[in-house]
Amino acid sequence: TRCTSRRQRQMCIRDSISLLLVACATSPTGRRQLMLVSEETAISASKEAYAQTLKPLSEEGKVDNDPVLTKRVKGITERLVAQAVKMRPATSAWDWSIKVIDDPEVVNAWCMAGGKMAIYTGLIEKVQTTDDEIAQVMGHEIAHALANHQAEKMSVSMATSVGVAAVGVVSDRPGIAMSGAAAAALLAIKLPNNRAAETEADRMGIELAAKAGYDPRAAVTLWEKMGKVGGGNRQPQFLSTHPAPENRKQALGALVPRMMPYYESKQPRPIFKL
């Protein structure tokens, strides 16, 4: 409604201030975040989007179809999740899960709000990732969820025309029908992360991996490999959603000395069953 009278203008100003206060949140690193979408809403929407995304892939036999690879990925991710729960205890209530999607051409991985994860075989096969490097990828993705980055991206989309325009075309696969909230959740993992969110996920992810017993130096070798894979005409999907500035390897390398004590402590790796 239009704010015409003085009283209406005052009410509009008050309501706008209230909305901004409600919409503001703080990330684990102290950064201010726009939050028009609650984490609970993002988790609920992500659960629907996850099920709808996996359904046709499962019907085609492309989900967890290699028992050895699935066991390998789940073993790595369980250790990361155990550390994530230590970092943010409330997430022990999340319905954590990881699926390996058989698509050798897709170099990608993601973690939705609430701990719904996927990694594509292309990231493992094309990049030739070691266990330590897979831990860096999934630690980074888990960090996005811990820092509520998906709800933040959903909020930013809501505040612009991007979310409205993209909801109808968010799925790459025909025949997938989902609610607007679920489509927005799926859109959030397809949109590029901003520089601040990427820096937060890098910092939190390398720590999660180190505390889980994975070599933090693998964060540097991972991005070296990613750079080579991304050197052709077709950019890996992971690089489209995770911009890699030139100083990223240097920034991660600078964190390695601080992470090595966690890695070298060789404490028993706790298991959080997925």
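The values are calculated or read from the model by the stated rules, or taken from the named source; none is laboratory data. Note that the coordinates shown come from a computational prediction; the quantities given were computed from them, not determined experimentally. Positions of Cβ are backbone-derived with ideal geometry, glycine not excepted, and every protein chain shown enters the neighbour counts. Remember, those area values only see protein heavy atoms, side chains included, never the ligands or the DNA or RNA. Shrake-Rupley method; radii C 1.70, N 1.55, O 1.52, S 1.80 Å.
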Before we move on, is VAL68 open to solvent by 80 Å² or more (accessible area, probe 1.4 Å), modelled with pLDDT of 95 or more and either out of contact with any Leu (no Cβ under 9 Å at 6 or more places or on another chain) or assigned to a loop (DSSP other than H, G, I, E, B) (or both)? yes
Which condition number does LYS99 fail, the rest of (1) assigned to a strand (DSSP E or B); (2) surrounded by 24 or more Cβ atoms within 10 Å (Cβ to Cβ) being met? (2)
Residue within the stretch 20-36 that is at pLDDT 85 or above, surrounded by 12 or more Cβ atoms within 10 Å (Cβ to Cβ), under 30 Å from ILE124 (Cβ atoms) and among the hydroxyl-bearing types (Ser, Thr, Tyr) present: no
Looking only at the stretch 233-255, decide whether some residue is under 17 Å from LYS153 (Cβ atoms), at pLDDT below 95 and β-branched (Val, Ile, Thr). yes
Quick check on my filter: what residues within the stretch 71-93 are among the hydrophobic types (A, V, I, L, M, F, W, C) and surrounded by fewer than 18 Cβ atoms within 10 Å (Cβ to Cβ)? MET87, ALA90, ALA93
Out of the residues in the stretch 113-126 that are modelled with pLDDT of 95 or more and of a type in the set (A, V, I, L, M, F, W, C), state the one that is most open to solvent (accessible area, probe 1.4 Å). ILE124
Checklist (1) within 15 Å of LEU208 (Cα to Cα); (2) without any contact (Cβ under 8 Å) to a residue 24 or more places away in the chain applied to LYS71, failing item: (1)
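From the residues in the stretch 44-54 that are touching a residue at least 12 places away in the same chain (Cβ under 8 Å) and open to solvent by 40 Å² or more (accessible area, probe 1.4 Å), which one is farthest from LYS273 (Cα to Cα)? Step through it out loud before you land on a result.
So in the stretch 44-54, the residues touching a residue at least 12 places away in the same chain (Cβ under 8 Å) come out as 44-50, 52-54.
In the following step, the residues that additionally are open to solvent by 40 Å² or more (accessible area, probe 1.4 Å) were identified as 44, 47-48, 52.
Values: SER44: 21, LYS47: 19, GLU48: 22, GLN52: 23 Å.
Residue satisfying both the conditions and the ranking: GLN52.
So if I check each of LYS225, LYS273, LYS266, which one is over 19 Å from the mean Cα position of the chain (by Cα), modelled with pLDDT of 80 or more and either among the basic types (Lys, Arg) or open to solvent by 90 Å² or more (accessible area, probe 1.4 Å) (or both)? Don't jump to the end; show me each part of the working.
Working: LYS273 fails: modelled with pLDDT of 80 or more; LYS266 fails: modelled with pLDDT of 80 or more.
Just one listed residue meets the conditions, LYS225.
Across the stretch 178-210, what is the number of residues that are in a helix (DSSP H, G or I), more than 13 Å from LEU255 (Cβ to Cβ) and either modelled with pLDDT of 80 or more or out of contact with any helix residue (DSSP H, G or I) (no Cβ under 6 Å at 6 or more places or on another chain) (or both)? Even if it seems obvious, please write down each step before you answer.
Kept after step one, since they are in a helix (DSSP H, G or I), are these residues of the stretch 178-210: 180-190, 195-210.
Restricting the remaining residues to those that are more than 13 Å from LEU255 (Cβ to Cβ) gives 180-190, 195-198.
From what is left, the residues that are either modelled with pLDDT of 80 or more or out of contact with any helix residue (DSSP H, G or I) (no Cβ under 6 Å at 6 or more places or on another chain) (or both) are 189-190, 195-198.
Result for the stretch 178-210: 6.
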